[in-house]
Amino acid sequence: MLAVLFAIAFTLSAKLALPADNWSGRAKSDNVFGMMFGDGRKLFANHFFTMADVYFHSGYYPSVFDQRATEEKEIISASHGHKDSEEDEKNEDFLGKPKDWVDAFGRNFRITQHTHLENHNEREILPWLRLAADLDPQKTEIYTVGAFFLREHLNRADQAEAFLREGLRNNPDSYEILFELGRVYHDAYHDLDRARNVWQLGVKKYMTAPADQQKEDKLIFEELAVNLARLEDEAGNYGAAIDWFHAAQKVSPVPDALQKQINDIQKKMAALIPVTPGKLY
Amino acid sequence: MSKIFALAGVVIKELYRRKDFYVLFVLTALLTLGAGMVNFFHDDKIVRYVKDICLLLIWVSALVISVVTTARQIPAEREARTIFPLLAKPVSRAQVIAGKFLGCWLATGVALIVFYFFFAIVTGSKEHFWPWAAYLEAVWMHWVMLGVVIAMVLLGSIYFAAPSSTSTITIIVVGGILLLGTHLKIIALQQPEPMQFILTLFYFVMPHLEWYDLRDFVVYDMGLVPVGAVLLATVYAAAWTSIFLLLAWFGFRRKSLTT
């Protein structure tokens with residue numbers, strides 16, 4: 001009896017193995033989290049990405065019940081070069097005044113100071129970014145934020161590049177990742193040619209994106225164009241630099257500031273034009 | 001007093017004879033060491049996530065140990081009928097409650113010391129930094145909080161039918177307070193009446209166990225909580241512990257001991 005049951009189980013498993021693979025997309029997943037959680041892993045990825053932001057603030061972070069003026073994670077805005085103004089600091093004071101004596105006394109046991117990690121302690125956010133990237137490899141900002149902190153705060157350009165390359169393998173059309181990769185080549189390696197190539201590829205990817213996505217990501221295009229303009233200015237290709245600034249002006253919220261930079265380059269160009277020698281005799 | 005200590009001694013012996021503590025400690029140790037061995041971006045100085053995971057496991061383990069150990073004390077004595085020779089010593093019912101509480105609280109304290117010592121060794125070996133004062137404060141607050149929980153479980157074990165229901169209900173209540181205690185007022189304000197009034201009332205009269213969770217101070221190296229606040233919180237916890245013990249004694253005094 002046992003042998004018959006075993007034979008039935010074996011026959012059925014052999015017969016159903018192939019069709020079972022197609023019942024769920026999980027088996028096709030290329031990482032262990034995908035196999036275990038399916039699409040539900042993206043929820044965990046979001047949570048871990050938020051954990052990175054919580055660590056960046058050393059625990060001073062609003063819960064789902066608290067109101068906060070800005071919704072964007074500060075690790076993302078920091079990776080775009082944003083620094084907190086006094087107004088931002090005010091907006092981020094989600095605790096406000098104590099609501100009652102319980103709240104007032106309870107604050108002795110909570111972190112109530114708004115601080116950011118510094119002095120290489122930024123490394124503490126990395127485990128959460130690594131986990132988030134494993135859980136949702138299509139979330140491009142995980143790679144750009146991780147690479148920014150590795151390059152800018154931890155002097156680990158090699159690790160930043162490797163992380164971005166991994167991101168690019170998972171998201172071959174991501175101009176955000178290409179932009180950050182260009183920053184690694186430009187700012188850390190001072191390799192202008194590779195930075196130019198990567199940023200130009202980023203612009204190409206942006207141009208081939210659907211129109212509504214282009215509209216949504218126009219600030220990334222501005223960053224690409226402005227950085228390309230500065231790179232060309234640095235390389236002495238003033239004409240190309242002006243062209244890139246003009247391209248950036250079309251999407252920039254502050255075109256006048258860019259015009260000032262164009263004027264500066266034009267002045268440099270004027271100074272370079274050789275004075276025609278007059279008749280000597 | 002000697003009778004209370006004798007009763008407490010029996011409870012402590014029971015804890016180290018049972019396997020609950022060892023299983024939870026080994027599980028905590030394995031998970032913490034496993035997490036600590038993972039290498040992120042070839043940086044071996046990353047440590048806060050290990051502290052976070054280890055402290056979470058310690059909190060869960062300590063809660064389970066204290067609740068499970070306490071919940072079976074009086075029902076087990078009744079079921080095995082050992083409560084009768086115990087009360088014939090003579091030991092008063094108040095002394096039984098006090099002895100059981102003290103035993104469970106001290107046993108949990110011993111478990112906490114072992115857990116936190118392991119935590120200090122593991123994290124200290126990674127970051128080469130031992131903020132002992134912060135650790136002591138965290139252990140003390142944790143232990144004081146567990147005192148309230150143990151008293152609450154003793155009270156539950158008098159009124160609820162079985163240790164399993166006492167454990168489940170207490171873990172849900174304590175977990176709810178720890179997760180929502182701070183935010184209950186905000187939640188209340190978003191509700192229509194009469195729910196707003198009920199939740200606000202509950203916010204003011206419930207024991208605020210979430211105050212005793214100093215994990216963030218340890219994980220993020222945020223220094224010490226003012227000693228005055230710790231002392232006041234200790235008095236607050238002692239008051240709640242006394243309330244629960246008195247209610248437990250009141251219920252136990254009138255309870256029929258035959259099952």
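Some notes on this structure:
- Criterion violated by residue B:90 - all others in (1) part of a helix (DSSP H, G or I); (2) out of contact with any helix residue (DSSP H, G or I) (no Cβ under 7 Å at 6 or more places or on another chain) satisfied: (1)
- Failed item in (1) in a helix (DSSP H, G or I); (2) within 30 Å of residue A:55 (Cα to Cα), with residue B:207 passing the rest: (1)
- Residue check, residue B:100 more than 14 Å from chain A (Cβ to nearest Cβ), over 30 Å from residue A:126 (Cβ atoms), part of a helix (DSSP H, G or I) and of a type in the set (D, E, K, R): yes
- Residue list for segment B:143-198, restricted to those being touching a residue at least 12 places away in the same chain (Cβ under 8 Å) and not in a helix (DSSP H, G or I): B:162
- Apart from one condition, residue B:250 fits all of (1) assigned to a helix (DSSP H, G or I); (2) within 20 Å of the chain's Cα centre (by Cα); the exception is (2).
- Which listed residue, of A:166, A:222, is surrounded by fewer than 23 Cβ atoms within 10 Å (Cβ to Cβ) and under 23 Å from residue A:258 (Cα atoms): A:222
- Evaluating residue A:204 against the criteria (1) over 18 Å from residue A:80 (Cβ atoms); (2) modelled with pLDDT under 90 leaves one unmet condition, (2).
- Index of the failed condition, residue B:222 passing every other in (1) modelled with pLDDT under 90; (2) buried (at least 18 other Cβ atoms within 10 Å of the Cβ); (3) outside any loop (DSSP other than H, G, I, E, B): (3)
The rows are residues; the columns are (1) farther than 27 Å from residue A:141 by Cβ; (2) charged (D, E, K, R).
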position	(1), (2)
A:181	no, no
A:192	no, no
A:207	no, no
A:219	no, no
A:227	no, no
A:232	yes, yes
A:241	yes, no
A:263	yes, no
A:267	yes, yes
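- Some residue of segment A:115-132 being farther than 21 Å from residue B:48 by Cβ and among the charged types (D, E, K, R): no
- With respect to the conditions (1) within 21 Å of the chain's Cα centre (by Cα); (2) surrounded by 13 or more Cβ atoms within 10 Å (Cβ to Cβ), residue B:205 lacks only one, and its number is (2).
- Among the criteria (1) within 14 Å of chain A (Cβ to nearest Cβ); (2) under 17 Å from the mean Cα position of the chain (by Cα), the one residue B:196 does not fulfil is (2).
- Considered as a group, the residues in segment B:22-46 that are among the aliphatic types (A, V, I, L, M) and within 13 Å of chain A (Cβ to nearest Cβ) include one that is surrounded by the most Cβ atoms within 10 Å (Cβ to Cβ), and that residue is B:46.
- Here residue B:211 passes the criteria (1) among the hydrophobic types (A, V, I, L, M, F, W, C); (2) in contact with a Pro (Cβ under 8 Å, 6 or more places away or on another chain); (3) within 7 Å of another protein chain (Cβ to nearest Cβ) except the one numbered (2).
Yes/no per residue for (1) among the basic types (Lys, Arg); (2) loosely packed, with under 12 Cβ neighbours inside 10 Å; (3) within 22 Å of the chain's Cα centre (by Cα):
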| site | (1), (2), (3) |
| --- | --- |
| A:190 | no, yes, yes |
| A:197 | no, no, yes |
| A:226 | no, no, yes |
| A:233 | no, no, no |
| A:243 | no, no, no |
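- Where helices (runs of 4 or more DSSP H) fall wholly inside segment A:94-182, the ranges with 2 or more residues that are within 30 Å of residue A:208 (Cβ to Cβ), more than 9 Å from every other protein chain (Cβ to nearest Cβ) and among the hydrophobic types (A, V, I, L, M, F, W, C) are A:126-135, A:140-148, A:157-170.
- In segment A:52-63, the residues that are free of Cβ contacts under 8 Å to residues at least 60 places away in the same chain reach residues that are among the hydroxyl-bearing types (Ser, Thr, Tyr) with C-beta atoms within less than 6 angstrom, at least six apart or across chains, in these pairs: A:54/A:61; A:58/A:115; A:58/B:220; A:59/B:220.
- Flag if residue B:232 is under 28 Å from residue B:73 (Cα atoms), in a helix (DSSP H, G or I) and not aromatic (Phe, Trp, Tyr): no
- Of all residues in segment B:67-89, at least one satisfies being at pLDDT 90 or above, under 30 Å from residue B:221 (Cα atoms) and surrounded by 13 or more Cβ atoms within 10 Å (Cβ to Cβ).
- Residue count for segment B:71-85, restricted to those that are assigned to a helix (DSSP H, G or I) and farther than 15 Å from residue B:13 by Cβ: 8
- Residue within segment B:245-253 that is more than 30 Å from residue B:129 (Cβ to Cβ), hydrophobic (A, V, I, L, M, F, W, C), within 12 Å of chain A (Cβ to nearest Cβ) and free of Cβ contacts under 8 Å to residues at least 24 places away in the same chain present: no
- Residue within segment B:153-161 that is surrounded by fewer than 19 Cβ atoms within 10 Å (Cβ to Cβ) and within 14 Å of another protein chain (Cβ to nearest Cβ) present: no
- Filtered residues of segment B:167-183 (kept if within 13 Å of residue B:66 (Cβ to Cβ) and of a type in the set (Ser, Thr, Tyr)): B:167, B:170
The values are calculated or read from the model by the stated rules, or taken from the named source; none is laboratory data. Note that the structure is predicted; figures quoted are calculated from it, not measured. For neighbour counting, all protein chains shown are included, and Cβ atoms are generated from backbone atoms with ideal geometry for every residue, glycine included.
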